[in-house]
Amino acid sequence: MEERSLHFIEQEIEEDNRTGRYEKRVHTRFPPEPNGYLHIGHAKSICLNFGAAARYGGLCNLRFDDTNPTKKDVEYVESIMADVRWLGFDWGDRLFYASQYFGQIYEYAENLIRTGKAYVCELSADQIREHRGTLTSPGKPSPWRERPAPESLDLFRRMRAGEFPDGSRTLRAKIDLASGNINLRDPVLYRILRAPHHRTGTTWCIYPMYDFAHGQCDSLERITHSICTLEFEDHRPLYDWFVQSLGIYAPRQIEFARLNLTYTLMSKRKLLELVRDGLVRGWDDPRMPTLCGLRRRGYTPEAIRAFCQRIGVAKMNSTIEVGVLENAIREDLNRRAPRVMGVLRPLRVVVENVPEGRVEDFELANNPEDTAAGTRRVPFSRDLFIEREDFMEEPPKKYFRLAPGREVRLRGGYFLKCDRVVKDAQGAVSELRCSIDPATRGGQAPDGRKVKGTIHWVSAAQAIRAEVRIYETLFTRPDPDEGGDYRRNLNPRSLEVLKDCLLERSVAGAAPGKTVQFERHGYFCVDPDSREGALVFNRTVSLRDTWAKIQEKE
RNA sequence: UGGGCCGUGGUGUAACGGUAGCACGAGGGAUUUUGGAUCCCUCUGUCCAGGUUCGAAUCCUGGCGGCCCAACCA
């Protein structure tokens with residue numbers, strides 16, 4: 001863990017520990033709604049909740065907020081558990097569902113009715129909205145607001161028994177119709193909804209609203225710090241009202257600003273649209289900000305956790321530049337990814353002073369950052385491939401790579417000089433005729449002469465063919481919603497598929513998930529689409545590219 | 001006079017009445033068998049106006065600006 005000062009939530013927790021508010025207990029929870037896949041924004045919340053518990057020797061529960069039966073899916077439940085585990089966190093035996101408390105929450109409702117704090121209302125949804133007033137004008141009381149408690153109780157029990165059609169009645173709290181906080185204008189507590197629930201089946205035909213469930217679930221689990229996002233700040237007085245009216249244990253809610261990232265959509269609804277409308281290949285499309293997408297892309301849990309650490313926690317709405325995320329994964333992979341040579345856009349090179357059929361092996365370091373990573377043998381021969389962009393017939397200033405008459409170093413091999421350029425019928429460069437200096441074996445010239453550039457290469461006969469998928473941001477604008485429709489900002493070049501890449505043979509047979517650095521390109525990982533003898537790689541992130549920056553400026 | 005929250009370099013985030021620091025970014029240099037990595041240097045900031053104070057990003061007052069709230073969603 002990096003050295004840093006406490007963020008405001010940790011400060012509040014420490015303050016509570018000092019005053020003994022919760023007997024120095026720290027118990028948090030991560031409460032996702034199982035209606036979508038977890039994304040990088042959730043990672044912030046997960047790190048925050050599990051992180052705080054770990055830091056203060058406490059516990060963190062995983063609880064599915066499944067109060068609304070209509071849009072849940074076991075697929076989501078399973079993916080969420082897998083993603084939290086993958087991120088590196090453990091909820092032990094504390095896996096809960098809001099739905100498991102339905103019985104208790106129902107009792108709470110009856111309790112409020114008996115004490116005159118809730119009533120059964122027969123207004124329609126539209127009428128309730130009209131009665132609620134506006135932001136600047138107070139609400140009007142429902143005609144059923146003053147109905148005697150026994151009558152409400154009877155009606156509520158009959159709602160539960162299924163005597164009334166969906167939507168015909170609600171249970172409402174009786175709070176304050178004139179409150180500036182609209183959440184306090186007699187909010188709906190229960191609705192009639194004949195929808196089977198993924199956990200409770202058809203046991204219930206009435207379901208509590210999120211607002212009437214969430215705080216009580218926290219209370220029942222004896223959560224000390226209910227960490228949530230800013231938009232629930234206005235709901236806190238309501239939760240406090242429930243807890244007080246019911247006389248139950250009171251957790252403390254603390255709100256923080258959710259994560260926003262440039263060039264990234266974070267809305268679950270829009271992410272779902274991308275998947276459903278086929279704008280991406282699925283929830284785990286490597287261009288998606290979902291945890292499964294990032295995983296497939298080659299992001300590591302360590303990098304994501306470091307990222308969450310680095311961005312901090314505060315109440316100010318803000319947007320982090322994606323570069324910070326990219327930096328986190330580069331930093332992690334630089335330390336651990338084995339280096340390998342891969343030519344993405346091949347250009348044939350014939351080394352004329354190497355005899356045909358001769359193959360020699362070079363021993364190359366797997367990771368210059370880590371000698372423990374060992375070495376590997378890389379074959380060299382007369383027929384090579386180099387990167388097309390590592391040769392220019394008319395090189396501009398500051399171009400250090402190969403050009404007619406110029407000499408460069410083949411990474412780990414010899415100095416190579418371009419003697420002749422061969423072109424096809426269309427005039428495009430099709431092949432280079434080159435020669436090596438045998439005295440430079442290993443990459444040093446005995447006469448001390450230097451070369452400005454070092455390029456990567458593969459030996460034609462031994463190279464393996466692979467598909468490489470290059471990703472750019474999914475959107476062309478830092479704010480995908482700019483202009484009102486994110487679809488119009490989709491980046492047509494967010495995916496480029498390179499089918500004829502040639503890789504060093506040492507990666508043959510690599511398993512899905514395996515990450516390597518293709519030298520001078522970036523970090524790549526094996527995609528699950530790979531088949532025997534047909535590897536597919538995803539580019540996780542490119543290396544920093546100073547040359548590209550120089551070109552941009554000209 | 002609806003309620004709530006928030007304003008620190010380009011982007012994030014520290015400071016808790018006492019030298020505005022860190023990361024990303026940008027620029028420059030050293031080094032380098034990855035134009036990578038590493039190291040060094042530099043750059044730009046307290047929303048505004050008053051007040052309190054020896055001293056204010058911090059406390060007070062008033063502005064200005066931004067975000068959230070009017071689902072039987074969460």
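The values are calculated or read from the model by the stated rules, or taken from the named source; none is laboratory data. In this text, all values refer to a predicted model and were calculated from it rather than measured experimentally. Glycine gets a Cβ as well: all are built from the backbone with ideal geometry, and neighbour counts include every protein chain shown. Protein only, heavy atoms only, side chains kept; ligands, DNA and RNA dropped before computing areas. Shrake-Rupley method; radii C 1.70, N 1.55, O 1.52, S 1.80 Å.
Within the accessible surface of chain A, defined with a 1.4 Å probe on protein heavy atoms only, the carbon and sulfur portion equals 48 percent.
Rolling a 1.4 angstrom probe over the protein heavy atoms with all chains in place gives chain A an accessible area of 46 Å² per residue. For chain A, the mean residue ellipticity at 222 nm estimated from helices alone is -8000 deg cm²/dmol, where every DSSP H run of n ≥ 4 contributes -39500 (n - 2.57) and the total is divided by all residues, rounded to the nearest 500.
Tell me, what HN-Hα J-couplings in whole Hz come from the Karplus equation 6.51 cos²θ - 1.76 cosθ + 1.60 at θ = phi - 60° for each residue of region A:470-477, using x for Gly and Pro? Result, rounded to whole Hz: 9, 10, 10, 4, 5, 10, 8, 10.
Between amide H atoms placed 1.01 Å from N, distances below 5 Å from A:GLY509 occur with A:GLY533, all of them 5 or more places distant or on a separate chain. Calculation over all alpha carbon pairs of chain A in 20 angstrom steps from 0 returns a P(r) of 18, 40, 25, 13, 4, 0 percent. Couplings for region A:85-90, taken from phi via the Karplus curve 6.51 cos²θ - 1.76 cosθ + 1.60 with θ = phi - 60°, read 4, 4, 5, x, 10, 9 Hz in order; Gly and Pro are left as x. Packing around the peptides A:43-55, A:228-240, A:408-420, taken as the average count of other Cβ atoms within 10 Å per residue, puts them in this order, highest first: A:43-55, A:408-420, A:228-240. Global size of region A:8-256: 18.7, 53 Å for Rg and Dmax (C-alpha atoms, Rg to one decimal, Dmax whole). Can you classify region A:268-336 as rounded, prolate or oblate using the Cα gyration tensor, where a ≥ b ≥ c are the square roots of its eigenvalues, rounded means a/c under 1.5, and otherwise it's prolate if a/b beats b/c and oblate if not? Since a/c reaches 1.5 but b/c is at least a/b, the shape of region A:268-336 is classed as oblate.
Rounded, prolate or oblate for region A:10-121? Axes are the square roots of the Cα gyration tensor eigenvalues, ordered a ≥ b ≥ c, and the cut-off for rounded is a/c under 1.5. Cα axes put region A:10-121 in the oblate bin. Residues whose amide H falls under 5 Å from that of A:ILE320, counting only those 5 or more places apart or on a different chain, are A:ASN260, A:LEU261, A:THR262, with hydrogens built in the peptide plane.
The phi torsions of region A:217-224, fed into the Karplus equation with coefficients 6.51, -1.76 and 1.60 and a -60° offset, translate into couplings of 4, 4, 5, 4, 7, 6, 5, 8 Hz, rounded to whole numbers, with Gly and Pro shown as x.
For the listed peptides A:166-177, A:296-307, a ranking on the average number of other beta carbons within 10 Å per residue, highest first, reads A:296-307, A:166-177.
Close amide-amide hydrogen proximity is noted between A:ARG382 and A:GLY357, A:ARG358, each under 5 Å apart and 5 or more residues distant or on a separate chain (H modeled in the peptide plane; Pro and chain starts excluded). Computed from the alpha carbon positions, the gyration tensor of region A:23-79 leads to an equivalent ellipsoid with semi-axes of 25, 13, 7 Å, biggest first. Over region A:339-552, all Cα pairs binned in 5 Å intervals from 0 give whole-percent P(r) values of 1, 7, 13, 17, 18, 17, 12, 8, 4, 2, 1, 1, 0, listed from short to long.
Taking Cβ separations below 4.7 Å as the criterion for a possible disulfide partner, the isolated cysteines in chain A are A:CYS60, A:CYS121, A:CYS205, A:CYS217, A:CYS228, A:CYS292, A:CYS418, A:CYS434, A:CYS501, A:CYS525.
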